[in-house]
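Any read-out appearing in this document is the output of simple, stated calculations on the displayed coordinates, not a laboratory observation. Small disclaimer: the values here were computed from a predicted structure and weren't measured. Please note: Cβ atoms are built from the backbone with ideal geometry, for glycine as well, and neighbour counts cover all protein chains shown.
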Amino acid sequence: MILGVGIDIVEVADLERRLERETILNAFSAGEQEYADSLPLQRSEILAGRWAAKEAFGKALGSGLRTEWPLNEIEVAHDAMGRPVILLSARMARVLPFKAKVHCSISHSRAYATACVVIEQG
């Protein structure tokens, strides 16, 4: 049973501006930053995709992102097949219903990044 669906789109140029003047980089885990830094020509697009996934995750929960949530504890990584997955810290995992599964898809171009998250009862 589907518990929630969230989708978000991010303008890459807007995220680049925010990276220059804000501490938004703190919203990304060390793993997310390392991955983005490993592909410097796509760094902004990668981070925009991860930001969109975090926003979509909050929307799928029905609450949106909450100020008390440490966003770097909502990490977007890849599974063995290369698919994006959302990894939650133990603290953040408590926001999910019991045995819920989180599915994530991300796409990006030079101008936009989008993500869709589906939360399913496990």
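Annotation: the residues Thr67, Thr23, sorted from fewest to most other C-beta atoms within 10 Å of their own C-beta, follow the order Thr67, Thr23.
Excluding residues fewer than 8 places away in the same chain, name every one of the aspartates and glutamates whose C-alpha is closer than 15 Å to that of Lys99. Partners found: Glu120.
Extending 7 Å from Cα along the Cβ direction at Arg94 and again at Asn26 yields two label points whose distance is 2.2 nm.
Compactness of the chain, taken as the C-alpha radius of gyration over 2.2 N^0.38 Å, stands at 1.00.
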